[in-house]
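One structure is given below, encoded as structure tokens.
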Amino acid sequence: MRIALSADHAGYTLKDELVGWLRDQGYEVTDLGTNGPESVDYPEFGRKLAQVVASGQADRGVAVCGTGIGISIAINRESKCRCARVDEPLAAALAREHNNANVLALGARLIGTEMAKVCVAAFLDTPFGAGRHVPRVAMLSPQRQDSD
């Protein structure tokens, strides 16, 4: 499985930890930055990650900012991405099983490294449940008729 990760300045340390851990687990990992504490704009890093996932260059994505909220909003602007911001593994698993989420967002200021790893593992290990969830997920598709 190919996984892309991105973060802003508040999340880069956690992102770096996850990059190393995922590589140790045998995943093909793309690190989209940022890689230091200098202030950057989270929408840019969310957009980068969304483009990589939407294009199929990565199967899944993991995004990290201070709270996980801003970067998840940026990612969800891409209609082919379904980004779920989570704090615990049940939410990560249900985001996959029920919503076919393809990106996970974490808040570096709100979650520790070990809990983040458990959430990422649940996200990566849980398949989409399909069945009754398919029509609902389809409503989230690029062909949706609602507007911003």
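The values are calculated or read from the model by the stated rules, or taken from the named source; none is laboratory data. Computed from a prediction, not measured in an experiment: that's the story for all the values here. Cβ placement follows ideal geometry from the backbone for every residue including glycine, while neighbour counts extend to all protein chains displayed.
Quick notes
- Candidates Q57, Q51: the one that is of a type outside the set (G, A, S), more than 17 Å from I111 (Cβ to Cβ), part of a loop (DSSP other than H, G, I, E, B) and modelled with pLDDT of 95 or more is Q57.
- Residue match in the range 71-92 (condition: in contact (Cβ under 8 Å) with a residue 60 or more places away in the chain, polar (S, T, N, Q) and in contact with a Leu (Cβ under 7 Å, 6 or more places away or on another chain)): no
- When restricted to residues that are within 17 Å of L110 (Cα to Cα) and acidic (D, E), the range 5-48 contains 3.
- Between T30, T34, the distinction of being in a loop (DSSP other than H, G, I, E, B) and either touching a helix residue (DSSP H, G or I) at 6+ places or on another chain (Cβ under 8 Å) or of a type in the set (G, A, S) (or both) belongs to T34 only.
- Count of the range 36-53 residues, restricted to those that are under 22 Å from C119 (Cβ atoms) and free of Cβ contacts under 8 Å to residues at least 40 places away in the same chain, is 2.
- Subset of the range 14-29 (residues that are touching a residue at least 24 places away in the same chain (Cβ under 8 Å) and either among the basic types (K, R) or surrounded by 16 or more Cβ atoms within 10 Å (Cβ to Cβ) (or both)): L14, K15, E17, L18, W21, L22, Y27, V29
- One residue from A92, A101 being part of a helix (DSSP H, G or I), surrounded by 14 or more Cβ atoms within 10 Å (Cβ to Cβ), out of contact with any His (no Cβ under 9 Å at 6 or more places or on another chain) and among the small types (G, A, S): A92
- Within the range 104-127, the set of residues being closer than 22 Å to I73 by Cα, in a loop (DSSP other than H, G, I, E, B) and out of contact with any strand residue (DSSP E or B) (no Cβ under 7 Å at 6 or more places or on another chain) comprises R109, L110, I111, G112.
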